[in-house]
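Everything below concerns the one structure shown next.
The values are calculated or read from the model by the stated rules, or taken from the named source; none is laboratory data. Note that this is a predicted model, so its numbers are computed, not measured. All Cβ positions, glycine included, derive from the backbone under ideal geometry; neighbour counts span all protein chains shown. Keep in mind that these areas ignore ligands, DNA and RNA; they rest on the heavy atoms of the full protein, side chains included. Shrake-Rupley method; radii C 1.70, N 1.55, O 1.52, S 1.80 Å.
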Amino acid sequence: MSTVNLSDYNVAHVPDASDMRFGIVVSDWNKEVTWSLLKGAIATLKKHGVTDENIVAKHVPGSFELTLGAQWLAEYDDLDGIICLGCVIQGETPHFTYICQGVTQGITQLNLEYNIPFIFGVLTTNTQQQAIDRAGGKLGNKGDEAAVTAIKMAALQLEIEE
Ligand code: DLZ
């Protein structure tokens with residue numbers, strides 16, 4: 001089975017983002033992983049032209065809180081998109097399933113209720129090593145992927161609105 005490197009993408013296919021403004025909500029649960037996602041997302045946004053002033057990053061305690069954190073950002077700031085970053089690791093109880101369901105449904109709902117993209121940058125893994133591999137490790141960084149997706153969706157919205 002081949003595994004995708006999350007940081008591999010064609011730079012030429014990413015629109016210029018110098019006029020865009022993004023929010024990032026990051027969960028502090030498993031912060032050794034999620035803060036790497038945050039670092040990757042910010043670096044990738046900046047690589048494509050987003051200025052420091054146009055990146056608003058806020059922390060929430062766990063992935064379950066990402067939905068409300070993202071909604072608050074959408075309500076109180078004028079953003080072209082919001083990136084939600086978290087990491088849920090399978091434990092011994094069904095908690096994993098409930099958190100994953102909650103955040104997945106929550107972010108999907110936000111996408112449909114607000115007129116901007118909310119990007120699902122949540123790692124859901126069986127082990128901590130799998131998460132580390134995808135947060136700046138051997139399989140790239142899901143934060144990079146989430147940032148590229150945010151830029152592409154914001155550009156698509158501008159294109160459709162024109
Ligand atoms: C409680 C909990 C557990 C067990 N595991 C995780 C996890 O792997 N990743 C994560 O982001 N958050 C976890 N949490 C915290 C919940 O997301 C949430 O913060 C609490 O249930 C309080 O609402």
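Observations
- Selection within the range 76-97 - within 9 Å of the ligand (Cβ to nearest atom) and either in a loop (DSSP other than H, G, I, E, B) or modelled with pLDDT of 95 or more (or both): Gly86, Cys87, Val88, Ile89, Gln90, Gly91, Thr93
- Considering residues of the range 6-40 that are touching a Leu at 6+ places or on another chain (Cβ under 7 Å) and within 16 Å of the ligand (Cβ to nearest atom) only, the residue nearest to Asn126 (Cα to Cα): Val33
- Residues of the range 36-64 that turn out to be outside any strand (DSSP E or B) and either open to solvent by 30 Å² or more (accessible area, probe 1.4 Å) or of a type in the set (A, V, I, L, M) (or both), as a count: 17
- Assessment of the range 140-154 against the conditions (more than 16 Å from the chain's Cα centre (by Cα), assigned to a helix (DSSP H, G or I) and either under 19 Å from Val25 (Cβ atoms) or modelled with pLDDT of 95 or more (or both)) yields no matching residue.
- Top-ranked residue in the range 98-139 [being part of a helix (DSSP H, G or I), of a type in the set (A, V, I, L, M) and within 16 Å of the ligand (Cβ to nearest atom); ranked as nearest to the chain's Cα centre (by Cα)]: Ile107
- Qualifying position, being in contact (Cβ under 8 Å) with a residue 12 or more places away in the chain and under 26 Å from Lys138 (Cβ atoms), among Lys39, Lys31, Lys58: Lys39
- Of the candidates Ala41, Ala17, Ala12, the single residue that is of a type in the set (Gly, Ala, Ser) and out of contact with any Gly (no Cβ under 9 Å at 6 or more places or on another chain) is Ala12.
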